[in-house]
Amino acid sequence: MPITGIYGPDDFASRPRGQRTISARPAPVRTEAALPMPSLEWTAEVEAATAPLYERVKHVIPPIEWPLMAPTIKAINEMKQVRGAVILAHNYQAPEIFHCVADIGGDSLQLAVEATKVKADIIVQCGVHFMAETSKLLNPDKTVLIPDTRAGCSLAASITGADVRLLREKFPGVPVVAYVNTSAEVKAEVDICCTSSNAVQVVESLNAPSVIFLPDRYLATYVASKTDVKIIAWKGACEVHERFTGDELREFRNADPSVQIIAHPECPPDVLAEADFTGSTAHMINWVREKRPRRLVMITECSMADNVRAELPEVEMLRPCNLCPHMKRITLSNILESLLTLREEVTIDPALAARARRSVERMINLKN
């Protein structure tokens with residue numbers, strides 16, 4: 001079913017201007033002493049200790065680069081034990097992070113679910129800010145760190161809690177679904193969250209003829225094509241996925257008609273029309289594991305292609321490489337710094353967090 005309406009900031013004359021899209025209180029001053037920086041020299045000991053890790057990534061990280069990474073990787077893995085910390089990494093993180101220091105990796109739904117099972121006292125979120133907020137919502141008594149607070153998201157920045165309230169005024173009684181790529185402030189104003197993995201299921205679970213779906217206009221379009229529920233959308237978009245075009249994909253097919261193309265539903269409709277498969281990052285990875293195509297174009301953030309190829313080196317990746325500048329703010333260096341200093345801590349106002357937590361937990365508890 002086509003989208004029945006799409007709205008954005010310019011459609012609300014009374015919209016407050018300059019409102020923050022990240023609703024986090026300043027982190028309290030930590031009383032724990034910072035730990036000293038360990039040696040980051042490349043030694044025979046480091047080489048031996050990290051050799052099994054290099055086996056995981058040798059197909060995507062050249063041998064000449066490994067001595068620059070391995071000492072920091074070893075230090076991070078040792079510091080995790082000292083701090084009693086666990087590292088969560090999104091599929092878009094670089095291979096040296098995803099395969100070599102992360103304890104849990106996956107898409108936003110996987111990380112949200114796994115965050116509820118974490119036993120460690122400290123969570124280091126290797127992803128963007130809304131993911132760290134989500135981990136904090138689900139673990140209010142744990143310390144959640146993000147190595148760089150500037151790791152934002154164009155989708156999260158596209159909408160505020162005030163915008164959601166204005167949408168509710170315009171469409172009274174219509175339930176609101178928020179993609180997890182939103183701030184805690186927005187999550188506090190909606191009925192339920194979703195990810196690209198479960199968006200259709202979440203929309204249909206509300207048993208409503210119409211649903212407001214925000215903030216990704218392209219994911220909303222994809223959902224509308226899979227359900228009879230009328231979708232009212234917001235004009236947000238992912239700055240990585242919206243740059244792909246159908247013409248680009250047709251060029252790959254013209255060069256090699258046997259190539260397989262899989263795409264993320266945050267992409268524009270002309271891209272999805274050219275794809276052999278559309279799904280979340282987790283669904284895309286599972287598709288590759290099952291199909292084992294000879295040549296593949298993966299239409300999403302291109303670090304994920306490296307992570308998949310590290311696992312499945314026989315799959316040749318043809319990469320139209322769009323990197324997420326926010327994901328790339330997370331590095332080995334600032335992960336280590338975060339563990340040494342316990343910065344930057346994510347905190348959320350308790351009253352706002354309680355409301356936001358309900359919408360996330362409702363998603364997680366949704367029966368499959």
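How big is the gap, in Å, between the Cα center of the range 310-330 and the Cα center of the range 130-174?
26 Å
Of 339, 312, 214, which is the most mobile in a GNM of the chain whose springs link Cα atoms less than 10 angstrom apart?
312
Determine the relative contact order of the range 116-178: mean sequence separation of Cα pairs under 8 Å and six or more apart, normalised by residue count, in whole percent. Mind showing how you got there, number by number?
Details: 50 pairs, mean separation 18.5, N = 63.
Across the range 116-178, relative contact order equals 29 percent.
What percent do you get for the relative contact order of the chain when only Cα pairs under 8 Å and 6+ apart count?
Details: 726 pairs, mean separation 91.1, N = 368.
Rounded, it is 25 percent for the chain.
What does the net charge come to around residue 150 if you take all other residues with beta carbon closer than 12 Å to its beta carbon, with K and R at +1 and D and E at -1? Write down the numbers at each step before the final one.
Numbers: positive: 328, 329; negative: 148, 344.
The answer is 0.
Suppose all protein chains stay in the model; what accessible area per residue would a 1.4 Å probe give for the chain, in Å²?
Values: 15600 Å² over 368 residues.
Heavy-atom SASA per residue in the chain reads 42 Å².
Given H placed 1.01 Å from N in the peptide plane, which residues other than close sequence neighbours of residue 153 have an amide H under 5 Å from its amide H?
For residue 153, whose amide H was placed from the backbone, there are no distant partners under 5 Å.
Compute the signed sum of charges (Lys and Arg +1, Asp and Glu -1) over the other residues within less than 10 Å, Cβ to Cβ, of residue 358.
Numbers: positive: 187, 355, 357, 362; negative: 191, 361.
That sum, taken over residues with Cβ under 10 Å, equals +2.
For the range 80-119, what is the convex hull volume of its Cα atoms per residue in Å³? If you can, show how the numbers build up before the last one.
Working: hull volume 2.2 nm³, N = 40.
Value for the range 80-119: 55 Å³ per residue.
With just the Cα atoms defining each centre, how far is the range 221-268 from the range 70-100? Give it in Å.
With the range 221-268 and the range 70-100 each reduced to a Cα centre, they are spaced 32 Å.
Within the chain, which whole H helices from DSSP have a Cα span along their axis of at least 18 Å and a mean Kyte-Doolittle hydropathy of 0.0 or more, if any?
44-57
Among 74/119; 74/142; 117/142; 170/235, which pairs are too far apart, with a Cα-Cα distance over 18 Å? Present the calculation step by step, with values, prior to reporting the outcome.
On the way: 74/119 22 Å; 74/142 25 Å; 117/142 12 Å; 170/235 16 Å.
Those over the limit are 74/119; 74/142.
For the range 259-368, calculate the relative contact order in percent as a whole number, restricting contacts to Cα pairs under 8 Å that are 6 or more residues apart. Each step should come with its number before you reach the end.
Values: 96 pairs, mean separation 20.7, N = 110.
Relative contact order of the range 259-368: 19 percent.
Tally Lys/Arg at +1 and Asp/Glu at -1 over every other residue whose Cβ is under 10 Å from the Cβ of residue 38; what's the total? List each step's numbers first, then the result.
Numbers: positive: 74; negative: 41, 78.
Once positives and negatives cancel, what remains is -1.
Can you figure out the FRET efficiency of residue 248 with residue 227, using R₀ = 22 Å and their beta-carbon distance, to the nearest 0.05? Spell out each step's value before the answer.
Details: r = 28 Å, r/R0 = 1.27.
Efficiency, from the Cβ-Cβ distance: 0.20.
If ligands, DNA and RNA are left out, what is the accessible area of residue 135 with a 1.4 Å probe, given in Å² to the nearest 10?
Solvent-accessible area, nearest 10 Å²: 0 Å².
Roughly to the nearest percent, how much of the accessible area of the chain is carbon and sulfur, given a 1.4 Å probe? Mind dumping the intermediate values first?
Values: 7770 of 15600 Å².
Ligands and nucleic acids excluded, carbon and sulfur reach 50 percent.
The values are calculated or read from the model by the stated rules, or taken from the named source; none is laboratory data. Computed from a prediction, not measured in an experiment: that's the story for all the values here. All Cβ positions, glycine included, derive from the backbone under ideal geometry; neighbour counts span all protein chains shown. These area figures cover heavy atoms from the full protein model, side chains too; ligands, DNA and RNA do not enter into them. Shrake-Rupley method; radii C 1.70, N 1.55, O 1.52, S 1.80 Å.
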